[in-house]
Amino acid sequence: MKDNKFDIVTDLVKRRIGLAIGEAQKRFKNTNPYRMEKVTDEDRLRDFQSLTPDKINFARQNFPQELDTYLAKMNELQMKKAGGQNA
């Protein structure tokens with residue numbers, strides 16, 4: 001059975017887009033995400049502290065690994081800020 005020409009073209013385009021994305025990731029490594037402003041640590045902590053228990057429970061049910069990573073990062077950031085204030 002012959003492959004449909006659209007399937008062949010779709011596979012080629014998909015492969016080329018993947019290569020282009022890979023190249024862009026290499027070239028623009030360690031730069032700000034496209035059209036996004038950098039968020040300060042203070043803003044990140046303020047957003048974290050304003051989370052409601054309902055939002056945390058929702059994240060725990062739907063994104064447990066991501067929530068654990070986020071909580072660890074916020075804990076580290078709080079410790080860093082607390083250490084900087086005591087110095």
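Some points to look at:
- Percent of C-alpha pairs per 5 Å bin in region 5-86, short distances first: 3, 11, 12, 14, 13, 13, 12, 9, 6, 4, 2, 1, 0, 0.
- Simple spin-label estimate for K73 and Q61 in nanometres, 7 Å along Cα-Cβ: 2.4 nm
- Cross-link partners of K38 among lysines (Cα-Cα below 30 Å; sequence separation of 8 or more within a chain): K26, K29, K55, K73, K80, K81
- Along the chain, counting only trypsin sites (Lys or Arg not before Pro) with a DSSP assignment other than H, G, I, E or B and at most 15 other Cβ atoms inside a 10 Å radius, the longest segment between sites is 39-87.
- When the convex hull of its Cα atoms is projected in every direction, mean area for region 47-87 (nm²): 2.9 nm²
- Under the simplified labelling scheme, the A20-K5 pair shows an inter-label distance of 2.2 nm, with each label point 7 Å from Cα along Cα→Cβ.
Bear in mind these aren't lab numbers, they're just calculated from the coordinates by the rules spelled out. All values derive from a computational prediction rather than experimental measurement. For neighbour counting, all protein chains shown are included, and Cβ atoms are generated from backbone atoms with ideal geometry for every residue, glycine included.
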